[in-house]
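All remarks here apply to the structure that follows.
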Amino acid sequence: MMCAWAGKILYVDLTKEKIREKELPKEWCIKFIGGRGINAKLLWDLVKPGIDPLSPDNVLIFGTGALTGTNAPSSGRTTVTCKGVLTNLYLKCSMGGYWGAELKYAGYDHIVIMGASKDPVYIWINNGEVEIRDASHLWGKDVRETNKILQSDLGDRDIQAVCIGPAGENLVKYACIMGSFYNAAARGGCGAVMGSKKLKAIAVRGSGELTIKYPDKFMELVYNLKGKLQNYVRVKRLYMYGTAGGVKGYSDFYDLPSFNWQKDRIDGAEKISGEYLVEKGYLKRRVGCFSCSISCHRYTEVDHGLYAGTFSGGPEYETVFALGSTVGVTDTEAVLKANELCNILGLDTISTGVTIAWAMETYSRGIFSKEDTDGIELKFGNADALVKVIPMIAYRQGKIGNLLAEGAKRAAEQIGHDSWKWAMVNSKGLEHSGVDTRFVKGYALSFAVNPRGCDHLHTQVICEYGYSPEAFKIIEKITGDKKWASPRYTEYRAEIVRYYEDCYAVTDALGFCTFTGYYIHEDPDVMAELLSLASGITFTATDLMNIGRRIITLEKCFNVREGADRSYDDLPWRIMNEPAPEGPVKGYVTSLNELGKMLDRYYELHEWDPKTSWPYKETLIKLGLEEVAEELAKLDKLPKR
Ligand code: SF4
């Protein structure tokens, strides 16, 4: 019997209505660890190139981290992987909460959903007993109602469920999968993939156990780390104010994308900050994921005014940027309402806000008339319009709802008039998250190379800001000199991005939250020790970083097989061509030429061909990806040196 892992993969074929389970191969655990790593292996093996992501040929994979379900700090995360709907490329999302731990206690590390049902169904997993059940009474219900009905139907308030809302049912291209009310596998349209399979929810109850090989030593290390985390200044701030803490400061320093990146600050930013939510009593509870000693999640309510009765998990920083500053709205209660709507309808808040911001700019340029927007005055700062248009997107209502449900890239392609220039997506097609990559160069590179598109959760190189002594230390470790801890440099960004990529891949494979920062997520020695003590298999820091590289490379190869090349590793037009307009960042742009130099060095470090960006055969073999090399060779996608 394996320690740490539950030891089984569950396969559910919704077309054939067949359920089977297989032993989790030990060699996969050693090569890919778990979570994101094993998900990437399954995706590569099971998805044929060129399939429609909304067809039954796509697979939807849920993977718990190798340490999920243990009490290692903040280790309860689950990765959801499939071929993405917005991009037609690789997609992975990391989701917090309690669902992953519950799944492991029910006996499974991964679930692979294949095929598609004709009628709405949900999957009920009760300690190793698995059923596909009718969900016709759940279809059309929002996330909150779905959770309540499932708890009542199953007679158990403690079940854990992931589900889609109406946005997923209506195949909105950026529909998300929600885990309870606080967690989302948010980006790239995995909710639409679940909707295309007519799968409304997966409810789980587990009361089994996991085995830890060396429990005393493991617990000693766990307590030590929990103590360190609780005394860590960044963690204290996350607990107090959540990820939206400091928004006013970002705006004051011109580091808060606003008005669709036409500005980097907004008057009234303090009203959408985590501090304001605490001071004014909107924050009702602080919430943590399984085994988390940080508790960055929020639960907020609006007690009075136009939006009285609003309540939801969040908002996170990315939400207050996307449904606040980038659409020009600083009305706290409207932003909380917009957040609630996205959460219960099952929409990714980032893509929702950034797509609406594109529409607002299109409207402000006179390209949209009121007829195009179904009578809504869709201009920046119009909180009422924001709140009105979100349900229209989820239900694909009217001209504007149906158009914006396609995401900014496809909407701009339909509308024309150069509107692609202010659609904040790169060639891959995912809406850019809340950083201005014109003047934060490590982020710019990491956004460009992210296989799922332009966002921060592939590699977040926050240390390049040099905000803390720990940040300087890590920059010195990577580059040899702490002077490179400035986001304005382009030198050494490739080295920094590559280091963090490996850390991120391992962190996701183990199930850790990246907010464990310098104490776990960015310290491969600590992650190796935890995994070794839990599993009884010796992993060194070097082993883990090599596994991280293997995962990153396999994800890259998925995109290569789909036809992606170097031209996909770019940034939105505005970021590369339109300088930041004001403040200390005025004039900054990350030009194609500047990005190109960082990319050259990045591909060189990875031993990928700089012309195509494809990995060389020798690189794949060195990483133990021989079968990937063979398949790419057949497709003539192995570059010659
Ligand atoms: S820090 Fe926040 S996101 Fe991370 S595990 Fe804890 S509650 Fe979840």
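Pairs of lysine residues in the stretch 240-397 that meet both criteria, 8 or more places apart or on different chains and Cα atoms under 27 Å apart, total 27.
For the stretch 470-574, just say rounded, prolate or oblate: build the C-alpha gyration tensor, square-root its eigenvalues into a ≥ b ≥ c, call rounded for a/c under 1.5, and beyond that prolate if a/b exceeds b/c, oblate if not. Walk me through the intermediate numbers first.
Details: a/c = 2.33, a/b = 1.19, b/c = 1.96.
Oblate, because a/c is 1.5 or more while a/b does not exceed b/c.
To put it simply, the accessible area of the stretch 540-641 at a 1.4 Å probe is 51 percent carbon and sulfur.
Given the alpha-carbon gyration tensor of the stretch 265-355, what are the semi-axes of its equivalent ellipsoid in whole angstrom, ordered largest first, with each equal to the square root of 5 times an eigenvalue? If you can, show how the numbers build up before the last one.
Numbers: eigenvalues 72, 48, 38 Å².
Working through the eigenvalues yields semi-axes of 19, 16, 14 Å.
Only the Cβ atoms of Lys and Arg (+1) and of Asp and Glu (-1) were treated as charged; on that basis the dipole of the stretch 330-489 about its Cα centre amounts to roughly 520 debye.
About its Cα centre, how strong a charge dipole does the chain have in debye, to the nearest 20, once Lys and Arg get +1 and Asp and Glu get -1 at the Cβ? It would help to have the intermediate numbers written out before the result.
Working: 79 positive and 82 negative charges, 59 e Å.
It works out to roughly 280 debye.
The fraction of accessible area contributed by carbon and sulfur in the stretch 367-502 is 49 percent, rounded to a whole number (1.4 Å probe; ligands and nucleic acids excluded).
Counting other Cβ atoms within 10 Å, keep those with at most 10, restrict to DSSP loop, and tell me which GluC sites (Glu not before Pro) in the stretch 35-144 are left. Nothing satisfies the criteria. The length gained by stretching the chain between Lys421 and Glu578 to full extension, at 0.36 nm per residue less their Cα-Cα distance, is 55.6 nm. How many percent of DSSP beta bridges within the chain run antiparallel, rounded to 5? Among the beta bridges of the chain, antiparallel pairing accounts for roughly 80 percent. Given their separation in residues at 0.36 nm each and the Cα-Cα distance between them, Glu145 and Glu209 gain 20.0 nm when the chain is fully extended. Entry note, the chain: relative contact order of 14 percent, from Cα contacts under 8 Å with a spacing of 6+ residues.
A simple spin-label model places the labels of Arg365 and Arg488 3.0 nm from each other, with each point 7 Å out along Cα-to-Cβ.
About its Cα centre, how strong a charge dipole does the stretch 1-156 have in debye, to the nearest 20, once Lys and Arg get +1 and Asp and Glu get -1 at the Cβ?
Values: 19 positive and 18 negative charges, 109 e Å.
So the magnitude is around 520 debye.
Highest average first, the peptides 549-560, 336-347 ordered by how many other beta carbon atoms sit within 10 Å of their residues are 336-347, 549-560.
Of the accessible area of the stretch 1-115, computed with a 1.4 Å probe over protein heavy atoms only, carbon and sulfur atoms account for 50 percent.
Could you tell me which trypsin sites (Lys or Arg not before Pro) in the stretch 454-521 are loop residues by DSSP with no more than 15 other beta carbons within 10 angstrom of their beta carbon? Don't skip to the answer; put the middle values down first.
Working: sites: Lys473, Lys477, Lys482, Lys483, Arg488, Arg493, Arg498; in loops: Arg488.
In loop regions of the stretch 454-521 (DSSP not H, G, I, E or B), the sparsely surrounded trypsin sites (Lys or Arg not before Pro) are Arg488.
Extending 7 Å from Cα along the Cβ direction at Asp119 and again at Glu17 yields two label points whose distance is 0.9 nm. What shape does the stretch 179-267 have by the C-alpha gyration tensor, where a ≥ b ≥ c are the square roots of the eigenvalues, rounded means a/c under 1.5, and otherwise prolate means a/b greater than b/c and oblate the rest? Cα axes put the stretch 179-267 in the oblate bin. Our summary gives the stretch 318-377 a relative contact order of 34 percent, counting only alpha carbon pairs under 8 angstrom and 6 or more residues apart. How much length is gained on full extension from Asp216 to Leu592, taking 0.36 nm per residue of separation minus their Cα-Cα distance? Full extension of this stretch gives 130.0 nm more. Placing a pseudo-label 7 Å from each Cα along the Cα-to-Cβ vector at Glu413 and Ile537 gives an inter-label distance of 4.1 nm. Taking chymotrypsin sites (Phe, Trp or Tyr not before Pro) across the stretch 438-479, the ones in a DSSP loop with at most 15 further Cβ atoms lying within 10 angstrom of their Cβ are Tyr467.
Does the stretch 20-77 come out rounded, prolate or oblate by the C-alpha gyration tensor, with a ≥ b ≥ c the root eigenvalues, rounded set by a/c under 1.5 and, if not, prolate when a/b is larger than b/c and oblate if not? Prolate, because a/c is 1.5 or more and a/b exceeds b/c.
Spatial offset of the stretch 449-473 relative to the stretch 155-210 amounts to 28 Å, using the alpha carbon center of each. As a test of the formula, what do you get for the chain when each DSSP H run with n ≥ 4 contributes -39,500 (n - 2.57) and the sum is divided by the residue count, at 222 nm and rounded to the nearest 500 deg cm²/dmol? Per the formula, -12000 deg cm²/dmol. For the chain, the solvent-accessible area with a 1.4 angstrom probe is 35 square angstrom per residue.
Legend: calculated FRET efficiency, Arg237 to Glu27, from the Cβ-Cβ distance at R0 = 45 Å, rounded to 0.05, equals 0.60. The phi-based Karplus calculation (6.51 cos²θ - 1.76 cosθ + 1.60; θ = phi - 60°) puts the 3J(HN,Hα) values of the stretch 205-216 at 9, x, 9, x, 10, 10, 9, 10, 5, 10, x, 5 Hz, whole numbers, x for Gly and Pro. Two numbers describe the Cα atoms of the chain: Rg and Dmax, which are 22.8, 67 Å.
The values are calculated or read from the model by the stated rules, or taken from the named source; none is laboratory data. What you see is a predicted model; the values in this text were computed from it and never measured. Positions of Cβ are backbone-derived with ideal geometry, glycine not excepted, and every protein chain shown enters the neighbour counts. These area figures cover heavy atoms from the full protein model, side chains too; ligands, DNA and RNA do not enter into them. Shrake-Rupley method; radii C 1.70, N 1.55, O 1.52, S 1.80 Å.
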